[in-house]
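Written out below as structure tokens is the structure these notes cover.
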Amino acid sequence: LGQPSALPGDSNSSATFDGVNDHIVVPHSTTLNATGAVTVELWAKRTKNAQWQVLVGKPGNGQSRLENYAIWFDSSNRLQAYFGNGTTYVSAAWGTAVDTNWHHIAATYDNATARLYVDGVQRAQAASNVALTPNALPLNIGRSNASSYFFGGSVDEVAVYPSALPAAR
């Protein structure tokens, strides 16, 4: 904690994760459950290379169908957003590897369309009829719920909204 912010002049600091065991767990709260729609956003700066890594997930357990919402790096350093109902899921995935600079990442889902934005540009979209289904598990930042898929890098300004924010936001 207490690392330089992603945003110049911002007095709030970021958190850096070593990719081995650093993480943050936010206890379950019904206010973190997504049902009708959700937006998850954060700033991330990747240092760990070519491994599946959880940036943020509720619960972020590696089984996409069980994740209410999550944003991951895959084994090729590409971003994946997942939205699930316990049985199946929808994913919006960007096919380009992300470099090690700071990037603003946002994922939205409104029970019809999943979207993934990187640095304010929509990079992926997927249509689906998966209905978001909440769970009683915690929100994980920097790891999976099973203490695996640790993120290596920095995270700043994590936010979860109970609506699919428009692209302009």
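In table form, for the structure just shown:
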{"quantity": "Matching residues in the stretch 120-133 - criterion: being outside any strand (DSSP E or B) and crowded, with 16+ Cβ neighbours inside 10 Å", "calculated": "Ser128, Val130, Leu132, Thr133"}
{"quantity": "Where Val38 falls short, out of the listed (1) touching a residue at least 60 places away in the same chain (Cβ under 8 Å); (2) open to solvent by 10 Å² or more (accessible area, probe 1.4 Å)", "calculated": "(2)"}
{"quantity": "Matching entry among Ala107, Ala136, Ala167 (being aliphatic (A, V, I, L, M), open to solvent by less than 10 Å² (accessible area, probe 1.4 Å) and more than 21 Å from Asp22 (Cα to Cα))", "calculated": "Ala107"}
{"quantity": "Test result for Arg115, touching a residue at least 12 places away in the same chain (Cβ under 8 Å), touching a Leu at 6+ places or on another chain (Cβ under 9 Å), basic (Lys, Arg) and in a strand (DSSP E or B)", "calculated": "no"}
{"quantity": "Verdict on Ser75 being among the small types (Gly, Ala, Ser), modelled with pLDDT of 90 or more and crowded, with 16+ Cβ neighbours inside 10 Å", "calculated": "no"}
{"quantity": "Qualifying residue in the stretch 149-157 (condition: at pLDDT below 95, among the aliphatic types (A, V, I, L, M) and closer than 19 Å to Gln53 by Cβ)", "calculated": "no"}
{"quantity": "Subset of the stretch 52-85 that is small (Gly, Ala, Ser) and outside any strand (DSSP E or B) - its residue that is nearest to Ala106 (Cα to Cα)", "calculated": "Gly60"}
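The values are calculated or read from the model by the stated rules, or taken from the named source; none is laboratory data. Source: prediction; values computed, not measured. No Cβ is skipped: glycine too gets one built from the backbone with ideal geometry, and neighbour counts run over all protein chains shown. Surface areas here come from the heavy atoms of the whole protein model, side chains and all, with no ligands, DNA or RNA. Shrake-Rupley method; radii C 1.70, N 1.55, O 1.52, S 1.80 Å.
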